[in-house]
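Only one structure is covered here, and it is reproduced in the block below.
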Amino acid sequence: MTLALSNISKSFPGVKALDDVSITFEPGHVHALLGENGAGKSTLIKAICGIHKPDQGSVSLDGKKLSLGSLKEGMAAGITIVNQEIQVFSESSIAENIMMDKLEIYRKRGGLDWAQMNRDAAQYLARVGLHLDPELPIGGLSAAQKQLVQIAKALSREAQVILLDEPTSSITANEVAKLFELIHELRDKGITMIFVSHKLEEVLEICDMVSVLRDGRHVGTRPIAEMDKEKIIEMMIGRRIQLENFGALTADDTVIALRANGVTSDGLIEDASFDLRKGEILGFYGLVGAGRSELAKTIIGHYPKTRGKLFKDGLEIHAKSVGESIRKNSIGYVSENRKEEGLFLDFDIETNMTITIWKRLRNAISRKIDPRRQREMADGMMDALDVRATGVDQLVGNLSGGNQQKISIAKWLAADCDILIIDEPSVGVDVGAKSTIHKIIWDLANEQGKSIILISSDMPEMISLATRILVFKEKRITGEVDGIATSGLPYEDVSREIGRLMA
Amino acid sequence: MALSTLKSGKVITGADAGILGAAGVLILLFTLASDSFLTQYNIFNLTRTQSLYIFVALSQAVMLVTGNMNLSVGAIAGLTAVVFGYLVDTMGLPLPAALAGAMAVALFCGWFNGFVMTTLGINSFIVTLSTLFIFTGFVYGISEGYSYRGIPKEFVTIGRGKFMGLPYLFYLMLGTLAVVWYMFRYTVFGRQLLATGSNQEAAELSGINTHRVIMGANLLSAFFAAVGGLLWVSRLGTAQPAIGQNWLIISFAVAIIGGTALQGGRITAIGLFGGGLIMVLIKNGLILVQANVYFEQAFLGAIILLTILLDRGREIWARKGRKK
Amino acid sequence: MALSTLKSGKVITGADAGILGAAGVLILLFTLASDSFLTQYNIFNLTRTQSLYIFVALSQAVMLVTGNMNLSVGAIAGLTAVVFGYLVDTMGLPLPAALAGAMAVALFCGWFNGFVMTTLGINSFIVTLSTLFIFTGFVYGISEGYSYRGIPKEFVTIGRGKFMGLPYLFYLMLGTLAVVWYMFRYTVFGRQLLATGSNQEAAELSGINTHRVIMGANLLSAFFAAVGGLLWVSRLGTAQPAIGQNWLIISFAVAIIGGTALQGGRITAIGLFGGGLIMVLIKNGLILVQANVYFEQAFLGAIILLTILLDRGREIWARKGRKK
Amino acid sequence: GEMKMAWYASTVHPYFDEVQKGVDQFAADYGVEVTKRLGQDWTQDNQNENVTAMAAQGFNAFSIFPSDVAGAHSLYEELDANGITIVDFGQPTQQPTPAKFFVGTQLKEAAMIATEQLIQAMGGKGNIINVLEVPGEATRLRQEGVEEVVAKYPDVQIIQTVGDLSSIEDSVEKVQNAIAANIGKIDGMIATGYTPTVAIAQLLTEYHEGGGDKIHFFGIDTDAVVMDAIRAGHIDGTMAQNPYGHGYIPMVLLKLMGEGYTKRDGVHAIDAGVVPVTAANIDTYQDDISALTKSIIASLETEYLQK
Ligand SMILES: Nc1ncnc2c1ncn2[C@@H]1O[C@H](COP(=O)(O)OP(=O)(O)OP(=O)(O)O)[C@@H](O)[C@H]1O
Ligand SMILES: Nc1ncnc2c1ncn2[C@@H]1O[C@H](COP(=O)(O)OP(=O)(O)OP(=O)(O)O)[C@@H](O)[C@H]1O
Ligand SMILES: [Mg+2]
Ligand SMILES: [Mg+2]
């Protein structure tokens, strides 16, 4: 069905999120919706499906004007959405999570037909390439698996219009490939699809049309054939940017910042051994659920280390908590799950940025956190990371996803640790911000001599930043790809080598 | 029942087993400690009190499931009892009419709580704290502290009669728990209650009308409170304004010992059964073993705490194992 | 104060203004309704009771801030009072020693609550429900229900004396609130309390020792409860076992009317001041206007609800506006 | 069969302590074992649970303080059906009741005597605040007693009634508010419940020491706090009940009934007596009460029981 938006505007207190947007989405097309963080993409998606009511303008399907009061009405009209934020019922089974919005159809005499529900759910799970028992509680799944379940949920509505808001933000290449097959299938069936993503490679691969938003305004719509990466970026941010090419890091092979010797945390990570050199960026790559985050959290003392030893600068270290890890070992960890593990959504930006350094900002005598120094720190960081917000007093919960991610990183930049573990730094971040974040990570290693562990499922990101890559599979380290930047190995060679180690 | 364990088809889950196990340990202890524990008379009284507790706990549990609470359950029970007494005794209405009238007042109370929570968007704690006072005010305003004594004999039989050595109330409780179990396992409304409590935002995004669900929970809560209040009337033989006064702590304690999650999304009918049993066992046992009278409350508290530790022991060990 | 509003530098935030505004409306109403409202005697008593309420509310608010609660605050207050009475009256210890002893017992209670919550990992509701019984048991076990009358005169002066027409307690309360305000605005510990309440997982991963923070909250809670209990002793002139009995509802009501978030992460010293004021004003006003004694609770509840609606009105309108 | 005697009261309270002294004395005097128990709170619910648990242990003669004078009926009826003998002490279950006797204070009469005493202290005229405890049957009877006496004196008015005083803190706050509401117009206060009496004794001590105008007061029960205030002249007096007798007399009745005595027709309530205590008799009133107890015990077999 043809989805037409005309003159949509939507304001939140203090922000005009959408300003007179008119776009038409044709059936049988995958239509990319692009823009910087905070450009209004999610808001537009929500306005289409009935979650937000636009202040002005209208949405029509095949020429018929819709007036949606809620998501339920949107669903009834044949529109479905994969939300940017992962929202699950953690105590429910996978099957029920998929079917929660349509339990009514499983109502029969004698009550809900669980068997039928499980069978149907298994079907949709298979379509997204997730081979899990639909009766498992969803709480134990990784972020990537949850995202796939959300996609399965949207599919199961059998809608005519599917809105995908960053469906690939937490999944890796394998799942992405599977998802793209699915999208092709749906496109061939004549489904209208809107695809929001910050990964331009994906957009170029899968989409037919591109629409770009900037500061809530519609900048333009073009067929993908006319576009390349540079042109898209120029449309998005209004200028050209230098695509990153960092070259080689000059890490000193002889100074070992962190050495892991058979580190094990039962059930989470087995027998991990590696060296992290001073001033290098060491990549952790692997499939979803491979145990990279678990190793990181074991190193910082959040999970118990059951066996093995850790040495920092040659001295054995023990940390029973993250606090100890920061204070004694100067090791920090940027979480991959900003919403649950990183941010205080009902607090302001300033507080979120300075939480790790309150003690340092404290006056020795009055025990008072110096508000002026705190403000300076936060303002400085806002500039350095180019955070788009009304000011440091804005609540983090009201920021767009990408800007939230910047805050989550800023907190750890402030902490000024010797070793920083950064887990999925550019989830949901726009190209501009992504290059800012990459530059920051690079400078940390290159200029400040910090040692970085980078966990990422984004292969281009990994290859452009990391000096060496450790490959993880099923809770073990299976190998190492070395000399990435130094020898100028082409992208394809590196990814082939990684693929071999993951097989 | 946690949503997940439900679907596996098991009727007794790990958590339930812990609660029933704790109750079992108490039964064993008291049987050894006192000859009078397993007498027919004591069993009759234990099960009757347990049955009443279950209705009290249900009135709280159906609210907790949605992530809300109802501090006014006792006041609703008291109001139902007093209105029933007023209608049947002072006004001389026939029994069914008086029951219907009392139930209507209770449901109105539930509706009012729900209305303020959903439409006006005030936190359930504040709403029901206020209505706890409001409803209690009406209890005393209507009765002026007097009890209504003209309760029809056939109604009193419900609370006092027995069948095969066990009180009628016990069978009524079992039936009710079976319905509750069925509701949360097999009906859309039950699942929506759980979903709303588990993640209200996600529930809304799944097209669930969470306002309607929370209103439903309020009506159910008032319904169970009213039934509990009326059963107390039938057990006491008089409709007293003091009915419901001590429900606040009992309702939370039994619901939570019985495995209902305070933050919503979890309830188990079998757990509730165990929770009610544990509560009466502890109180009964304290008397049987003749604890020091002045320190009695301290023993009560200590045993509740130990029971919880016993029940959650498994879980806690598991967690410790993981962290260490 | 939510951290956010804190740092904006404003001393009175929008939420605080709503609470103070609601209190202002009540003052205006009662001044018009009764001549006796603005008398010296009434003001003295109002402010004195308000001051006591604030300590009661603080003992709950510091726990709520971390996303936990403490049902045992009243029992801790009662125990402190009784231990103090026992030490100073029965044992004849000097005043400072008796105060230190009583305070030590209170802090031990707080430590015990904190220990079970953090180390054994039991939910705060269940822990403090149990210790509510345990501590109350000790109150009666020690006192056997009797009051201690031999309270030193100089101690009684604290609760009864006045300065410039206002009770000493009022100044004590203002000082305490200032310290609390400073703590949550400027100190690391205060902010860590807020952060733990806002998102415990994120706090832990930000290097905050949340167990230590929650233990700290428990000690603070016990401290405020103990101070409240001792101030009641000094006000009554006797140490009574019944002190603290009615704290449960007051502590929650004042804290929450005063803008403390039930789910953690928000507290405001000025709001608490307003919350305590609203509570005493309502109770005082009901007596001044000679409300029907039997319906009195209904009026109390209705006014609490209306006050909340008044206070939250702004917010609700704003939200409605956005949704429409 | 064999007699197993039990004594049960609602919860920890100084009044019950005094009653227990009578029970203990009985046990010593007669060489009989009596098991005493207290509940966890004042509710009938709690009492039902605890007493049935005791009945399960085989106790068959109970002296009970009914937590709720209406609500205790179902408990009593079931005990009675199991052949258990009950005597009420402290407050009477409503008639008709399975309890054989009630031993205690006549609530309404005691309230009337206290009111008379207060009005005399006030010189036969003035304004009174009537302070009630928690709403309930007993409170209602006491309120009626006060109001009936006040109605007899044209120069005495009740200017405010304060109710629902369940805790010491509540009592202090509400009474203080009532004083504030009527300041300058109050001549006297009357309280017919224990908690408000203790609260008011302390409040008036503070009020009078702080230079407030004289407010007369008559309360109930002989808590040491109240006695202090009488001695210091801050309040006029209190009604002493006979808790010792409330403990002793029911036990004697139970024992005699166990030995084959039965209740005479038309008797039920045994007034254990009340004595107004003022500064004048504060050191001697105990003797009057002891004498009263003795005379009641002596008359049991002639006036209340038959073989
Ligand atoms: N509920 C809300 N309240 C206030 N402001 C909001 C709210 N939701 C979004 N905004 C603001 O509206 C603007 C657009 O946000 P939106 O989430 O649509 O951006 P986006 O394009 O999806 O960004 P991202 O790529 O980071 O997800 C931002 O400035 C954001 O801060
Ligand atoms: N707290 C936990 N307790 C037990 N198991 C866990 C816990 N957290 C994660 N797991 C399990 O450990 C495995 C690895 O987790 P995770 O998916 O985070 O690994 P990863 O390599 O970081 O992958 P990614 O970050 O790409 O999802 C998963 O199977 C997950 O279900
Ligand atoms: Mg977005
Ligand atoms: Mg991970």
Once you have all Cα-Cα distances for chain A, histogram them in 10 Å bins from zero and send the whole-percent values. 4, 18, 28, 27, 17, 6, 1, 0
Using alpha carbons only: equivalent-ellipsoid semi-axes of region A:76-228, gyration tensor based, whole Å: 30, 16, 14
Could you work out the mean projected area of the convex hull around the alpha carbons of chain C, in square nanometres to one decimal? 18.4
Part-to-part distance (alpha-carbon centres) for region C:229-298 and region A:62-116, which is given in Å: 46
What are the extents of the Cα atoms of region A:130-211 along their three principal axes, in Å, largest first? 38, 26, 17
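Distance check, please: which entries in A:K411/A:K475; D:K4/D:K108; A:K64/A:K102; A:K64/A:K199; A:K320/A:K359; A:K189/A:K229 exceed 22 angstrom between their Cα atoms? The partial results should precede the final answer.
Values: A:K411/A:K475 28 Å; D:K4/D:K108 34 Å; A:K64/A:K102 25 Å; A:K64/A:K199 33 Å; A:K320/A:K359 20 Å; A:K189/A:K229 28 Å.
The pairs that break the limit, which is 22 Å between Cα atoms, are A:K411/A:K475; D:K4/D:K108; A:K64/A:K102; A:K64/A:K199; A:K189/A:K229.
Output the direction-averaged projected area (hull surface divided by four) of the convex hull of the alpha-carbon atoms of region A:339-416, in nm². It would help to have the intermediate numbers written out before the result.
Numbers: hull surface 19.7 nm².
Spelled out: convex hull of the Cα atoms, projected over all directions, averaged, 4.9 nm².
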Taking N as the number of residues in region D:115-273, what value does Rg over Cα atoms divided by 2.2 N^0.38 Å take? 1.20
Translational diffusion coefficient (Stokes-Einstein; Kirkwood radius from C-alpha pairs) of the protein assembly as shown at 25 °C, 0.890 mPa s, in µm²/s: 70
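For A:K411, A:K199, C:K153, what ranking results if the residue with the fewest other Cβ atoms within 10 Å of its Cβ goes first? Intermediate values should be presented prior to the final figure.
On the way: A:K411 27, A:K199 18, C:K153 8.
Arranged by neighbour count, lowest to highest, A:K411, A:K199, C:K153 become C:K153, A:K199, A:K411.
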Peptide D:66-77 - average C-beta neighbours from other chains (10 Å radius): 5
Along principal axes, Cα extents of region B:76-143, largest first, whole Å: 40, 21, 13
Considering region B:157-198, what Rg and Dmax in Å follow from its alpha-carbon atoms? 14.7, 41
When chain C is modelled as a GNM with alpha-carbon springs shorter than 10 Å, which of C:A255, C:A75, C:A291 fluctuates the most? C:A291
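Translational diffusion coefficient, Stokes-Einstein: compute it for chain D using the Kirkwood radius over C-alpha pairs as Rh, at 37 °C and 0.692 mPa s, and state it as an integer in µm² s⁻¹. Each step should come with its number before you reach the end.
Values: Rh = 20.1 Å.
After rounding, the answer is 163 µm²/s.
Of the listed peptides B:114-121, A:361-368, what is their order by residue-averaged count of other C-beta atoms within 10 Å, with the highest listed first? Walk me through the numbers on the way to the answer.
Working: B:114-121: 18.1, A:361-368: 12.2.
Averaged packing, sorted descending, gives the order B:114-121, A:361-368.
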For C:G161, which inter-copy label distances result when the label point lies 7 Å beyond Cα on the Cα-to-Cβ vector, reported in nm to one decimal and in ascending order? 7.0
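When the helix-only estimate is applied to chain A (DSSP H runs of n ≥ 4, each -39,500 (n - 2.57), divided by the residue count), what is the mean residue ellipticity at 222 nm, nearest 500 deg cm²/dmol? Display every interim value, and only then the final one.
Numbers: 15 runs with 159 residues, N = 503.
Theoretical 222 nm ellipticity from helices: -9500 deg cm²/dmol.
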Most mobile listed residue (B:A77, B:A23, B:A61) in chain B, GNM with C-alpha springs under 10 Å: B:A23
Partner aspartates and glutamates for D:K152 [C-alpha distance under 18 Å; skip if fewer than 8 residues away on the same chain]: D:E109, D:E116, D:E144, D:D187
Other protein chain Cβ atoms within 10 Å, averaged over every residue that makes up D:127-138: 3
In square nanometres and to one decimal, what's the mean projected area of the convex hull around the Cα atoms of region C:77-219? 10.8
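Send over the per residue convex hull volume for region A:63-111, Cα only, as a whole number of Å³. Don't skip to the end; give the middle numbers.
Numbers: hull volume 6.0 nm³, N = 49.
Measuring per residue, one finds 123 Å³ for the Cα hull of region A:63-111.
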Which residue, C:G216, C:G137, C:G85, tops the fluctuation ranking in a GNM of chain C built on C-alpha contacts under 10 Å? C:G137
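Quick note: the coordinates plus some simple rules give every number you see, no bench work behind them. What you see is a predicted model; the values in this text were computed from it and never measured. For neighbour counting, all protein chains shown are included, and Cβ atoms are generated from backbone atoms with ideal geometry for every residue, glycine included.
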